[in-house]
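Comments concern the structure below.
Only the coordinates and a few stated rules stand behind these numbers; no lab work does. Every value quoted in this text rests on a predicted model; they were computed, and no experiment measured them. All Cβ positions, even for glycine, are placed from backbone atoms using ideal geometry, and neighbour counts span all protein chains on display.
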Amino acid sequence: MTAPFPDSTRPEVAPPTGTSTVAIDLGDRRYDILIGPALFDAPATWSGLPRASSALIVTNEVVAPLYLERLKKQLTSHYARIDEVVLPDGEQHKSRESLDVVIDHLLARAADRKTVLFALGGGVIGDLTGFAAAIYMRGVPFVQVPTTLLAQVDSSVGGKTAINHPRGKNMVGAFYQPVRVVADLDTLDTLPDRELSAGLAEIIKYGPIADAAFLDWIEEHLDALLARDKSALAYAVKRSCEIKAWVVGQDEREAGLRAILNFGHTFGHAIETGLGYGAWLHGEGVGCGMVLASELSHRLGLVPVDFVERMTRLIERAGLPVKAPPMIIERWLDLMRVDKKNEGGEIRFVVIEGLGKAGMRGASDELVAEVIAAHTVPAAR
């Protein structure tokens, strides 16, 4: 069976000057991540995409006023018809209802199998649009246009697409790769400070799991990242994408190695689901989750307590929470049992086995409870 978008038919892309390109190489398929400023308005950014008579841009109410018309302007020379779906903003809208809105629109407009979807927004839009592309007519091409730091360094890269379920985050989805990722660093100029910090969580995780020198670099340049220095952001996004591209190239469907990219996520997803989607941003859950996962790594005898203190300081400097919200331990455990990494009912965690090296370990409920208790905000009396 031929791959949907084989590399042999992929036109070469000449990215705009000053752009970094990171390739995701999956053997029979390959696509590029374009990283740099001023990508939106450069015609070369959009050249070589799959040909079709129509395109659909999926975005949200916050991003649409900023970038929708600019994207449509660039696509008018490529597609005879460009439609749009503008969804409400927020994690709570990464839902079956929003997915139905996109699918209903495609059907109402008689979109065919060549229709190209463009995900214009953050991780919610990217995940939802990618899932819609995966299931509409059993797969249509889509392009990721991430406008948040978190999406640029993580969720837009690697082909994980999903919607949330009331019982668990990202539990309904598919592995489905985009044909291109366009990470325009200028979109980060309009990003709220809280969203910037949330994106830093996903950058920080790459250090302890894969590159100790990158962790050193993040500590040294964190102030520049918080100040949105373009050169610092360019390097952070590029290095993050390089690490993720290498991991995904080894393990596209998370059979083993790719699970390390979920450092902090088992705890973080439980926080997001337990509080209700949208109360904490995804990156805030991951930031706090990394503190808990570092503590677990220490209590398993894998890293010294100095590592826990180092990660806590860095995450707090990034403007992220380091204390978990109060939640009864039974609720924590129930939520973490609904995790895609678990096997045979055992909760499994990504732990740090040494600086720059991660692995998967199980842990007893009692140990997990101790870890959570050590890093939880006291309940109000």
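Hey, what number do you get for the chain at 222 nm if only DSSP H runs of n ≥ 4 count, each worth -39500 (n - 2.57), divided across all residues, to the nearest 500? Please report the intermediate quantities before stating the final value.
Details: 11 runs with 148 residues, N = 381.
Here the helix-only value at 222 nm equals -12500 deg cm²/dmol.
May I ask you to list the residues of segment 115-141 whose amide nitrogen lies under 18 Å from a point 7 Å from Cα along the Cα→beta-carbon direction of R51?
It comes to 115-117, 141, nothing else.
Could you work out how much longer the chain between D41 and L355 gets when fully extended? Use 0.36 nm per residue separation minus the Cα distance between them, nm to one decimal. All intermediate terms of the calculation are to be shown ahead of the outcome.
Numbers: separation 314, 0.36 × 314 = 113.04 nm, distance 4.06 nm.
So the extension gain works out to 109.0 nm.
Roughly how tilted is helix 212-226, in degrees to the nearest 10 and between 0 and 90, from the longest Cα axis of the chain?
Rounded to the nearest ten degrees, it is 70.
For K341 and K73 in one chain, what is 0.36 nm times their gap in residues minus the Cα-Cα distance, to one decimal in nm?
Values: separation 268, 0.36 × 268 = 96.48 nm, distance 4.22 nm.
Full extension of this stretch gives 92.3 nm more.
Once the other residues with Cβ under 9 Å from the Cβ of K94 are scored (Lys, Arg +1; Asp, Glu -1), what is the net sum?
On the way: positive: K169; negative: E91, D127.
Overall, the nearby charge balance is -1.
For segment 110-266, take every pair of Cα atoms, bin their distances at 5 Å starting from 0, and report each bin as a whole percent.
2, 9, 18, 21, 20, 15, 9, 4, 1, 0, 0
Using only Cα atoms, find the angle between the long axis of helix 282-299 and the longest principal axis of the chain, and express it within 0 to 90 degrees, rounded to the nearest 10.
Long axis of 282-299 versus the principal axis of the chain: about 40 degrees.
Give, as ranges by residue number, the residues of segment 72-102 whose backbone N falls under 15 Å from the point 7 Å along Cα→Cβ of A174.
99-100, 102
Kirkwood hydrodynamic radius (Cα pairs, Å) of segment 287-349? Before the final figure, lay out the partial values.
Details: mean 1/r = 0.0775 Å⁻¹.
With all distinct Cα pairs of segment 287-349 included, I get 12.9 Å.
Peptides 134-146, 108-120: what's the order by average Cβ count within 10 Å, highest mean first?
Values: 134-146: 21.7, 108-120: 19.7.
Taking the mean over residues of other Cβ atoms within 10 Å, the ranking is 134-146, 108-120.
For q = 0.15, 0.16 Å⁻¹, what log10 I(q)/I(0) does segment 7-190 give under the Debye formula with an equal point scatterer on each alpha carbon and no solvent?
For segment 7-190 at q = 0.15, 0.16 Å⁻¹, log10 I(q)/I(0) is -0.81, -0.93.
In what sequence, highest mean first, do 172-182, 295-305, 360-370 appear when ranked by Cβ atoms within 10 angstrom? Numbers along the way, then the final one.
Details: 172-182: 21.0, 295-305: 18.2, 360-370: 14.7.
Going by the mean number of other Cβ atoms within 10 Å, highest first, we get 172-182, 295-305, 360-370.
Which pairs, out of K73/K244; K94/K205; K72/K160; K94/K323, put more than 28 Å between their alpha-carbon atoms?
Values: K73/K244 31 Å; K94/K205 24 Å; K72/K160 25 Å; K94/K323 26 Å.
Correct reply: K73/K244.
List the relative contact order of segment 21-78 as a percent without decimals, with contacts defined as Cα pairs under 8 Å and 6+ residues apart.
Working: 31 pairs, mean separation 16.8, N = 58.
Relative contact order, segment 21-78: 29 percent.
If you stretched the chain out fully between D28 and E97, how much longer would it get, using 0.36 nm times the residue separation minus the C-alpha to C-alpha distance? List each step's numbers first, then the result.
Details: separation 69, 0.36 × 69 = 24.84 nm, distance 3.40 nm.
Fully extending the segment from D28 to E97 adds 21.4 nm.
Only bridges whose two residues both fall in segment 7-190 count here: according to DSSP, what percent of them are antiparallel, nearest 5?
Numbers: 11 of 34 bridges.
The antiparallel fraction comes to roughly 30 percent.
Based on a Kirkwood Rh over C-alpha pairs, give the Stokes-Einstein translational diffusion coefficient of the chain at 10 °C and viscosity 1.306 mPa s in µm²/s.
Working: Rh = 21.0 Å.
In µm²/s, the coefficient rounds to 76.
Which residue, N342, N164, N60, has the most motion in a Gaussian network model of the chain that connects Cα atoms within less than 10 Å?
Residue with maximal mean-square fluctuation among N342, N164, N60: N342.
Relative to the longest principal axis of the C-alpha atoms of the chain, give the angle of the C-alpha long axis of helix 123-135, reported between 0 and 90° and rounded to the nearest 10°.
Helix 123-135 sits at roughly 60 degrees to that axis.
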